[in-house]
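J.: Below: one structure in C-alpha cells.
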Amino acid sequence: MIVAEDLHRSFKRPGGRAFRLPFGKSDAKADSRVVAVNSVSFTADDGRITGLLGPNGAGKSTTLRMLATLIRPERGSASVDGHDVTRDVLAVRQHLGFMPHNAGIYPRLSARENIHYYARLCGLDKQQAEQRVGQLIEQLDMKGFADRRATGFSQGQKTKVALARALAHQPQTIMLDEPTNGLDVMATRGLREIIRQLAADGHCIVFSSHIMQEVAALCDHIAIISDGSIAMQDSLAGILERTGENDLEDAFVKATLSLQPETDR
Amino acid sequence: MSLFIVMFKEIVDNLRDRQTVFYALLFGPILLPLLLGGSLVASFKQLSIDFDEVTSLSVLHAERAPRLMEFLHGHNIDVTEAPENVQASVRRGDVLVVLEIPEDFADQLRAGRPAPLTLHVNSADKESGKAARRVQAILSVYERTLNNLRLQHRGIDPSTFDSLNLVENDVSSDGSSGQLLASILPFLFIMSMVMGGFYLAIDTTAGERERQSLEPLLSLPLKRSAVVFGKYGATLCFVTLSGVLTAVSIYTLFRLFPIELMGGQIRFDGRTLVRAFLLASPLLPFISALLITVSAVTRSTKEAQTYLGLMMMVPMAPFFLLQFLSIRSTTMSMPIPMLSQYQLLESAVLGDSIPILHILLSAGGTLAATALLLTLASRLYQRERLLD
C-alpha cells in the first residue's frame, strides 16, 4: 500500500553546467527551478491496480522515483507499506518492486542471470534465488528465452525480464512506470494479464501511463496527474460520473482543464 | 555480501565483453611489452657490436696493403673480394661496406705521409652503418699502432702526444639504453594497469547509466556503497590481473634475450621483477579508484572515454617529466602517486637500494589518495543527479 501526501519536488533548470561536484551548496533561487511535482497526494491500496495517468512531463516518473526512494521529496511525505520513504529507505526498497521507465537489462547476461542477480542483491541466498528465478520464469512464461543472452531480445522479452527482476524479492507493492511502452498488442495483453494476476494475489500495483485505453482497460483506481498535481482521483466510473463524460479521454481533458487556471498563471 | 554479488556479476559480465578482455588480457600484458620492450631489445642488438664475432669485409685491391689485411684477419675479419661495381652494390645492400685501398696507399705510408683509405658506406642503412663503425674502430687501433711506430722511429716518446689520458668509463650506447629500459618498465606496468581496468570501469558506471539499468539497481534494498565498492572491486580485479600478466610477460620477454646486451646494468631475474611489482602494487587500488571516480561523473560511455582518455595523461606525465627533467627521488616526491612509483621502479630495475622511508611514503601517499578518491566516488553515487 502506498500513501502519498502533498509531495513536492523541483529541479534545477536544465542546460546549466554539465556537472557539479557534490560539495557545493545548492544556492539556486526558487525561480531558477522547474517544479516537476507540486502537491501530489494519492493512495494505492493492496489488491488493486492504481493507474497514474498523465501526459508526458506531468510528473509521473518523478513521483514514482520519490516513492522508490531514488530522490527525496522537498515537501510532503509518503509511505510504502507503512515505511516512510525518507527515513526508512531500505525497508521501503525491501517492500517495493520498481520497474522504471525504459529499464535496461544487462545485454551480456541471460534472462535467467539478469533476474538471479537482482534476487541475490535483494538478500536471497543462492538456492532461494535459483528457486525464485525458476518460479518467475514459469509465471511470466519466459522459458523460451530464459537462457539466451539478452542482446537480441525483443521489447516484449526485455520488459518481461525487467518485470521479473522487479518481482525477484516478492515485494508486496509493485510500481511500473510506463511498462507497455514499445510493446505490441499481444505483448501488451500478456503483460496486462500478469498485472491483473498480481493484483488478484493481493499486491498493491501502481501503473503509470499516458495512454487512456491502457489505464481504462486495466486500472481499478485512477489518479489523473497534470502539471505536477493530482487533478482528480477515483474509480473509472467515478471519474466519468464526476466529469459528466462517457469516455476517459474527454474526462481527462476536462479534469486537467479544471486545473489549468490555478497553475498556469 | 551485496558488494561481492555486484563485484562477481561485473566480472562475469565483462569477461563476456571482447573489448574489455582484449584491453585487460592482451593489450597491456602482451602487445605493449612486445611493442616497447621488443623494439628496445632489437635496438640493442643493432647498436651493440660484438668484436669477437667473425665477419667478412669486402676489400677492393687488397693486394696493395698485405700488412693491413693481416691485421684485419687478426681482428676476426675475413677479407673477401670486392664486387664489380662497388658504389652500386653498397647502395643496393649486396655488401654492407667496402674498403677501397687506393694505388698510392703503400707509397704514402712508406713516405710517412697520411695514407689514403676509402670506406664505402650507405649511411641510410643501419646495418651498413654498424659494419662501418666496426671497421673504423679496428682501423683506428691500426692507425694508433702505426703512429707509435713512426714516432718511435724518429726517437720521440709516443706519450708526448697524449697530453690527456682520458679514461672513458662505460658511456656506451648500452648504458644509456639500460637507463631507458629502466624508465620504460614503470611506464609499461602503469599503462597496462590503466588499460586493464579502463573498459570495465566505463562499462560498470557510465555504461550502466547509458543502458538505463542503474535506476532499477539503485532502487533495490541495498546500500549504494555496496554498489560503488562492488564495481570498484571488479575494476581492481581486472587492474591486478592486467598488472600481474604484464609482469609475467615482461619476465618472459627478457628471458628470451641475452642479459649482456643490456650492458650488465639490468638484471631481469624474477626477484627484481617481484620487487618492482610490489613497489608498484599500491597503484593497483589507486588506479582502480581513479578510473571508477572519473567515469562515475560521466553520463555515457562516450563521455567516459573522453574524460578517461584525457586522464591517460596522468600516468604518462611522470614518464615524460622524468625523461626530460631529471627529478631526483626525494622524500618530497615520494608521497605523489605515479611519480613516486616511476622513481622507485626505476631504482629497482637499476638495482639501486631504496630507503625504507621512501617505500613507506610512496605506499602511504598512494593509499591516502585512493581513500580520497573512493570517498569522492561514494559521494558521487549518492547524488540524485546520477539518474539524469
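J.: Compute the relative contact order of the stretch B:55-161 as a whole-number percentage, counting only Cα pairs closer than 8 Å that sit 6 or more residues apart in sequence.
T.: Over the stretch B:55-161, the number comes to 23 percent.
J.: Still on this structure, I have one more. Of the peptides B:181-190, A:165-174, B:92-101, how do they stack up when ordered by the mean number of other Cβ atoms within 10 Å, highest first?
T.: For the peptides B:181-190, A:165-174, B:92-101, the packing ranking is B:181-190, A:165-174, B:92-101.
J.: Accessible surface of residue B:63 in the full protein assembly, 1.4 angstrom probe, to the nearest 10 Å²?
T.: Only protein atoms counted, so the area is about 130 Å².
J.: Obtain the nm distance between the two label points defined at residue B:305 and residue B:56 by a simple spin-label model: each point lies 7 Å from its Cα along the Cα-to-C-beta direction.
T.: 5.4 nm
J.: How big is the A/B interface in buried accessible area, both sides summed, 1.4 Å probe, to the nearest 100 Å²?
T.: The contact between B and A buries close to 3400 Å².
J.: Express in nm, to one decimal, how much length is gained between residue A:242 and residue A:33 on full extension, taking 0.36 nm for each residue of separation and deducting their alpha carbon distance.
T.: Additional length available on full extension: 71.8 nm.
J.: With θ set to phi - 60°, apply the Karplus curve 6.51 cos²θ - 1.76 cosθ + 1.60 along the stretch B:104-109 and write out the HN-Hα couplings as whole Hz, x wherever there is a Gly or Pro.
T.: 8, 4, 5, 4, 4, 5
J.: Quick one: which residues, 5+ away or cross-chain, put their amide H under 5 Å from the amide H of residue A:206? H built at 1.01 Å from N.
T.: Sorted by chain and number, the residues that satisfy this are A:50, A:174, A:175, A:176.
J.: So, one more: For a quick check: with amide H placed at 1.01 Å from N, whose amide H comes under 5 Å from residue B:58's, ignoring anything fewer than 5 positions away on the same chain?
T.: B:80, B:97, B:99
J.: Note down the net charge around residue B:144, summing +1 for each Lys or Arg and -1 for each Asp or Glu among other residues with Cβ under 12 Å from its Cβ.
T.: Surrounding charge for residue B:144 is -1.
J.: When the accessible area of the protein assembly as shown is split by element with a 1.4 Å probe, what percent falls to carbon and sulfur?
T.: The computed percentage sits at 55.
J.: When the Debye formula is applied to the Cα atoms of chain B, each taken as the same point scatterer, what base-10 log of I(q)/I(0) results at q = 0.09, 0.13 Å⁻¹?
T.: Computed log10 I(q)/I(0) values: -0.69, -1.03.
J.: Using a Förster distance of 22 Å, how high is the FRET efficiency between residue B:35 and residue B:312, based on the Cβ-Cβ distance and rounded to 0.05?
T.: 0.85
J.: Around residue A:143, with a cut-off of 14 angstrom between Cβ atoms, what is the net charge of the other residues, counting Lys and Arg +1 and Asp and Glu -1?
T.: That works out to 0.
J.: If you look for lysine pairs in chain A that are eight or more places apart or on different chains, how many of them have Cα atoms under 28 Å apart?
T.: Lysine pair count for chain A: 13.
J.: Another question, if that's okay. Give the peptides A:154-163, B:203-212 in descending order of average Cβ contacts within 10 Å, highest first.
T.: B:203-212, A:154-163
J.: Long-range amide H contacts for residue A:75: which residues qualify at under 5 Å (H placed 1.01 Å from N, peptide plane, sequence gap of 5 or more or a different chain)?
T.: A:8
J.: Which value at 222 nm does the protein assembly as shown reach when only helices count, each DSSP H run of 4 or more adding -39,500 (n - 2.57), with the total divided by all residues and rounded to the nearest 500 deg cm²/dmol?
T.: Helices in the protein assembly as shown give a 222 nm mean residue ellipticity of -16000 deg cm²/dmol.
J.: While we're looking at this one, here's another question. Could you tell me how many degrees, from 0 to 90 and to the nearest 10, lie between the Cα long axis of helix B:301-311 and the main elongation axis, the longest principal axis, of the Cα atoms of chain B?
T.: For B:301-311 against chain B, the angle is about 50 degrees.
J.: Give the average, rounded to an integer, of partner chain Cβ atoms located within 10 angstrom of each Cβ in A:96-104.
T.: Rounded to a whole number, the mean comes out at 5.
J.: Pop out the Kirkwood hydrodynamic radius of the protein assembly as shown from its pairwise C-alpha distances, inverse of mean 1/r, in Å to one decimal.
T.: 30.7 Å
J.: Moving on. Any idea how far apart residue A:154 and residue B:148 come out in nm if each label point goes 7 Å out from Cα toward Cβ?
T.: Output for this residue pair reads 9.5 nm.
J.: Another one. How about the stretch B:201-215: which of its residues lose at least 50 Å² of accessible area in the presence of all protein chains relative to their chain isolated, using a 1.4 Å probe?
T.: Hits at the 50 Å² cut-off: B:211, B:212, B:215.
J.: Right, another one. Roughly how tilted is helix B:2-15, in degrees to the nearest 10 and between 0 and 90, from the longest Cα axis of chain B?
T.: 50 degrees
J.: If R₀ is 22 angstrom, what is the calculated FRET efficiency for the pair residue B:379 and residue B:25, using the beta carbon separation as r and rounding to 0.05?
T.: About 0.10, to the nearest 0.05.
J.: What whole-number value in Å² describes the accessible area per residue of the protein assembly as shown for a 1.4 Å probe?
T.: 48 Å²
J.: Let me ask you something else. Where in the stretch B:196-229 does the amide nitrogen come within less than 16 Å of the point 7 Å from the Cα of residue A:90, taken along Cα to Cβ?
T.: The answer is B:218-229.
J.: At a Förster distance of 22 Å, what's the computed FRET efficiency of residue B:255 paired with residue B:179, Cβ-Cβ distance as r, to 0.05?
T.: Computed FRET efficiency for residue B:255 and residue B:179 comes out at 0.55.
J.: Here is a further query. Between residue B:368 and residue B:388, what length in nm is gained on full extension when 0.36 nm per residue of separation is reduced by their alpha carbon distance?
T.: The residue B:368-residue B:388 span can extend by a further 4.1 nm.
J.: Using heavy-atom solvent-accessible surface (probe 1.4 Å) with all chains present, what is the largest-first order of A:90, B:380?
T.: These residues rank, largest area first, as A:90, B:380.
J.: Okay, moving on. Which net charge results for the neighbourhood of residue A:174, defined as the other residues with beta-carbon distances under 12 angstrom from its beta-carbon, given Lys and Arg at +1 and Asp and Glu at -1?
T.: The answer is -2.
J.: Just from the alpha-carbon atoms, what are the Rg and Dmax of the stretch B:55-161 in angstroms?
T.: Final numbers for Rg and Dmax: 14.9, 48 Å.
J.: At a 1.4 Å probe radius, which order do A:254, B:223 fall into by accessible area, largest first?
T.: Per-residue accessible area, sorted high to low, gives B:223, A:254.
J.: Next question. Taking θ = phi - 60°, what integer Hz values does the Karplus form 6.51 cos²θ - 1.76 cosθ + 1.60 yield along the stretch A:37-45, in sequence order, with x for Gly and Pro?
T.: With coefficients 6.51, -1.76 and 1.60, one gets 10, 10, 6, 9, 10, 7, 10, 10, 8 Hz.
The values are calculated or read from the model by the stated rules, or taken from the named source; none is laboratory data. Note that this is a predicted model, so its numbers are computed, not measured. Please note: Cβ atoms are built from the backbone with ideal geometry, for glycine as well, and neighbour counts cover all protein chains shown. SASA here: full protein model, heavy atoms, side chains in, ligands and nucleic acids out. Shrake-Rupley method; radii C 1.70, N 1.55, O 1.52, S 1.80 Å.
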